[in-house]
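The values are calculated or read from the model by the stated rules, or taken from the named source; none is laboratory data. These numbers come from a predicted model, not from an experiment. Reconstructed Cβ throughout: ideal geometry from the backbone, glycine too, with neighbour counts over all protein chains shown.
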């Protein structure tokens, strides 16, 4: 029974992480842009926006994948035993 659990755990965790990544990146990017605009008291240019987007992409990927693997670990191995 446990032979299918590990590959399915990895696949489903990765898939959940991908599904969480896009809206999380948009949310963090919007918050970062607003915070940066408030800090400099002006609109940001395209170079700053691209720099923020690159940084937010890595942060969102880390958060989404970490949450997905921890959530699936709790769900899979709690129900199996």
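The table below gives the values:
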| quantity | calculated |
| --- | --- |
| From 31, 24, 20, residue being at pLDDT 95 or above and either loosely packed, with under 12 Cβ neighbours inside 10 Å or farther than 23 Å from residue 72 by Cα (or both) | 31 |
| Residues (assigned to a helix (DSSP H, G or I), over 13 Å from residue 53 (Cβ atoms) and more than 15 Å from the chain's Cα centre (by Cα)) located in segment 19-42 | 34, 35, 37, 38, 39, 40 |
| Conditions (1) more than 15 Å from the chain's Cα centre (by Cα); (2) free of Cβ contacts under 8 Å to residues at least 40 places away in the same chain: number failed by residue 9 | (2) |
